[in-house]
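The values are calculated or read from the model by the stated rules, or taken from the named source; none is laboratory data. None of the values given here were measured: they were computed from a predicted structure. For neighbour counting, all protein chains shown are included, and Cβ atoms are generated from backbone atoms with ideal geometry for every residue, glycine included.
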């Protein structure tokens with residue numbers, strides 16, 4: 001009888017430990033789905049733009065820096081950008097979280113919705129910066 005109690009205690013303890021581990025890992029974002037790709041830099045006129053994509057599954061957001069010493073950075077990137085995939089999907093930004101237009105240095109994050117399917121290549125276009133259309137692309 002005592003052996004059965006010990007066995008039942010170990011079985012119950014095993015279930016409790018397993019449940020705790022499952023709850024802890026179920027609430028974590030899988031790190032393999034979050035990745036940063038290479039930063040790209042482009043210069044047009046007197047403006048330098050640095051773009052760093054951050055990938056979470058089929059969602060891409062972009063950390064962006066704009067720098068100049070001669071003109072006001074009045075660009076509304078959420079109105080001037082689009083994101084395309086090699087699958088033919090084109091997305092418009094849903095928000096810009098960062099510095100307001102103006103000044104010589106701006107930093108922020110350009111947010112996009114999810115792609116419907118996982119792309120192999122993405123193309124970020126930013127239109128009309130110093131009268132130039134810029135394209136950044138990444139092979140995934």
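Within the stretch 16-31, does at least one residue satisfy the condition of being at pLDDT 95 or above, more than 17 Å from residue 111 (Cβ to Cβ) and either in a helix (DSSP H, G or I) or touching a strand residue (DSSP E or B) at 6+ places or on another chain (Cβ under 6 Å) (or both)? No - not one qualifying residue is present in the stretch 16-31. Within the stretch 78-116, the residues that satisfy the criterion of being under 19 Å from residue 138 (Cα atoms) and buried (at least 18 other Cβ atoms within 10 Å of the Cβ) are 81, 83, 84, 85, 91, 93, 110, 112, 115. All of 137, 128 fail the test of being loosely packed, with under 15 Cβ neighbours inside 10 Å and in contact with a strand residue (DSSP E or B) (Cβ under 7 Å, 6 or more places away or on another chain), apart from 137.
How many residues are over 16 Å from residue 47 (Cα atoms) and in contact (Cβ under 8 Å) with a residue 40 or more places away in the chain if we restrict to the stretch 82-123? Residues that pass the stated criteria total 16.
Cβ-Cβ contacts under 6 Å between residues 6 or more apart (or on different chains), taken from a first residue in the stretch 59-72 that is on the phi < 0 side of the Ramachandran plot and surrounded by fewer than 19 Cβ atoms within 10 Å (Cβ to Cβ) to a second residue that is modelled with pLDDT of 95 or more and in a strand (DSSP E or B), are listed as 59/114; 63/52; 63/109; 65/50; 65/107; 67/48; 67/105; 68/47. For the stretch 85-140, residues that are within 15 Å of the chain's Cα centre (by Cα), part of a loop (DSSP other than H, G, I, E, B) and at pLDDT 95 or above total 5. Just one residue in the set 63, 72 is out of contact with any helix residue (DSSP H, G or I) (no Cβ under 9 Å at 6 or more places or on another chain) and not in a loop (DSSP other than H, G, I, E, B); that residue is 63.
Criterion first (at pLDDT 90 or above, in contact with a strand residue (DSSP E or B) (Cβ under 6 Å, 6 or more places away or on another chain) and farther than 18 Å from residue 132 by Cα) does residue 73 satisfy it? When the stated conditions are applied, residue 73 does not pass them.
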